[in-house]
Amino acid sequence: MKRTVGTTDRIVRAVIAVAALVGAGVAGISSAWGIVLVIAAAVMAVTASSGYCPIYSATGISTTGQRRRHRHGVSAH
């Protein structure tokens, strides 16, 4: 997996993960909103720690500052 998430993006994702966990605690971990927030926190934490986002990869987006190439050789902006 090639890194698609840059440093600033990773920090933002980590902050969102912490905020989502706090929100889940406030909403109640076993409530519907709490479960949604725990899942969102897990996704944000994994993408922040790995530096890889499958949605970014599928759409050709990269916040690493490096230009990425699509499968057909067209540069992404």
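The values are calculated or read from the model by the stated rules, or taken from the named source; none is laboratory data. Please read all numbers here as calculations on a predicted model, not as lab measurements. Cβ: placed from backbone, ideal geometry, glycine included. Neighbour counts: every protein chain shown.
Values for this structure:
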item: Filter result (in a helix (DSSP H, G or I) and of a type in the set (Ser, Thr, Tyr)) within segment 7-43; result: THR7, THR8
item: Members of segment 10-53 that are surrounded by 17 or more Cβ atoms within 10 Å (Cβ to Cβ) and at positive phi; result: GLY51
item: Tally, over segment 9-29, of residues that are touching a helix residue (DSSP H, G or I) at 6+ places or on another chain (Cβ under 6 Å) and free of Cβ contacts under 8 Å to residues at least 40 places away in the same chain; result: 10
item: Single condition TYR56 does not satisfy, out of (1) surrounded by 15 or more Cβ atoms within 10 Å (Cβ to Cβ); (2) modelled with pLDDT of 95 or more; (3) within 11 Å of the chain's Cα centre (by Cα); result: (2)
